[in-house]
1. Got a sec? Which of LEU249, LEU231 is more than 25 Å from SER113 (Cβ to Cβ), surrounded by 12 or more Cβ atoms within 10 Å (Cβ to Cβ) and touching a Pro at 6+ places or on another chain (Cβ under 9 Å)?
2. Given the criterion away from the ligand (no atom under 14 Å from the Cβ), over 18 Å from the mean Cα position of the chain (by Cα) and closer than 16 Å to ILE5 by Cα, identify the matching residue among GLY149, GLY129.
3. Output the residue which, of all residues in segment 1-41 that are touching a Lys or Arg at 6+ places or on another chain (Cβ under 8 Å) and over 21 Å from GLU75 (Cα atoms), is nearest to the ligand (Cβ to nearest atom).
4. Quick one: would you say ILE5 is within 24 Å of VAL137 (Cα to Cα) and at pLDDT 95 or above?
5. Which residue, of HIS23, HIS28, is crowded, with 22+ Cβ neighbours inside 10 Å and under 14 Å from ALA166 (Cβ atoms)?
6. Kindly provide the set of residues from segment 213-251 that are of a type outside the set (A, V, I, L, M), in contact with a helix residue (DSSP H, G or I) (Cβ under 9 Å, 6 or more places away or on another chain), in contact (Cβ under 8 Å) with a residue 60 or more places away in the chain and in a loop (DSSP other than H, G, I, E, B), ordered by number.
7. Return the residue satisfying two criteria in turn: it lies in segment 160-182 and is assigned to a loop (DSSP other than H, G, I, E, B) and of a type in the set (Gly, Ala, Ser), and of such residues it is surrounded by the fewest Cβ atoms within 10 Å (Cβ to Cβ).
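The values are calculated or read from the model by the stated rules, or taken from the named source; none is laboratory data. It should be emphasised that the depicted structure is a prediction, and the values quoted were computed from it without experimental measurement. Here Cβ is always computed from backbone atoms with ideal geometry, including for glycine, and neighbour counts include all displayed protein chains. Remember, those area values only see protein heavy atoms, side chains included, never the ligands or the DNA or RNA. Shrake-Rupley method; radii C 1.70, N 1.55, O 1.52, S 1.80 Å.
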Amino acid sequence: MPYSIDYPCNWLQVAENPMDPFHSVFLHTRVTRAHFNPAWGALPVVDWHKMENEAGIYLTNTRRWGEYVWARTAEVIMPNFAQPPDIYQDPDREKFFPRVGISKWTVPTDNTSCKIIGWRHFNDTLDLGGKGDRSKVGLDKIDFMGQTGSERSYEEGQHVPGDDEAQIGQGPITIHAGEMLGRTDTGVGIRAVQSGKDLPALPRNAEGRIPTMAGDVILRRPISNADDLALQREVGRRVGEIVAATRPLPHGERQAEIERRMRAAFG
Ligand SMILES: [Fe+2]
């Protein structure tokens, strides 16, 4: 389903969102209530990686939830295209790289306004719990809370803030000099494209398509006496490596290969 949302703020405040998995923990889960799955509130082990040709960046974001170790990857292709994985993913069974929930461009209109134009994906590999709603996707709307200024009153937005309060509440152009960056802000940043050269293109796969780096990998690994944080780190590292290494394969073969390699690594 196509959709668009207008924002009365600088585009960078909106575009940086997919590279910040920590706002999912706090803004979307712990501060008020779980906007998505409660599993988003588990603090993840996060790593950011450069894509081939430095055409973009992707992150791995890995956490434990019950019996599962859940690794998510998300991508930004420079300068303004992003794909997060399934927004209604449930870490309730093993999964090997169902793909993205959203494909979106954040487009500056001028210095203090911008627009997201994108696709919200519905298919039989995503949102197995059926929480999405096509009828809520379209012009200035999308099917999750706190994305548009028009959907709720100012007071409601202040009481249960969503992405729109975090982005627009910074003001028309956030004063970056006033930021106090902490350990969870590592991935929030951008290298300016100032040289005027064409941006690098990503190589295509065997089907002639540009494959995504974004998706979910969920392994069943009940907690043991071993160092669980080290396990999460290792799962995230392997997922990042395997998702990158399998990019050239056709999509169908790629999922099977990701599963084969993850099982070879973790049993
Ligand atoms: Fe968000």
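1. Working: LEU231 fails: touching a Pro at 6+ places or on another chain (Cβ under 9 Å).
Checking each option against the conditions leaves just LEU249.
2. Details: GLY129 fails: closer than 16 Å to ILE5 by Cα.
The conditions single out GLY149.
3. TYR7
4. On the way: within 24 Å of VAL137 (Cα to Cα): yes; at pLDDT 95 or above: yes.
In short, yes.
5. Values: HIS23 fails: crowded, with 22+ Cβ neighbours inside 10 Å.
Unique residue meeting the criteria: HIS28.
6. Matches in segment 213-251: ARG221, ARG247.
7. At the first step, the residues of segment 160-182 found to be assigned to a loop (DSSP other than H, G, I, E, B) are 160-162, 169-175, 179-182.
Keeping just the survivors that are of a type in the set (Gly, Ala, Ser) gives 162, 169, 171, 182.
Numbers: GLY162: 20, GLY169: 13, GLY171: 12, GLY182: 8.
In this case the residue turns out to be GLY182.
Per-residue answers, yes or no, for (1) of a type outside the set (A, V, I, L, M); (2) at pLDDT 95 or above; (3) under 28 Å from LEU139 (Cβ atoms):
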{"residue": "LEU12", "(1), (2), (3)": "no, no, yes"}
{"residue": "ASN17", "(1), (2), (3)": "yes, no, yes"}
{"residue": "ARG33", "(1), (2), (3)": "yes, no, yes"}
{"residue": "PHE36", "(1), (2), (3)": "yes, no, yes"}
{"residue": "ALA39", "(1), (2), (3)": "no, yes, no"}
{"residue": "ALA42", "(1), (2), (3)": "no, yes, no"}
{"residue": "VAL46", "(1), (2), (3)": "no, yes, no"}
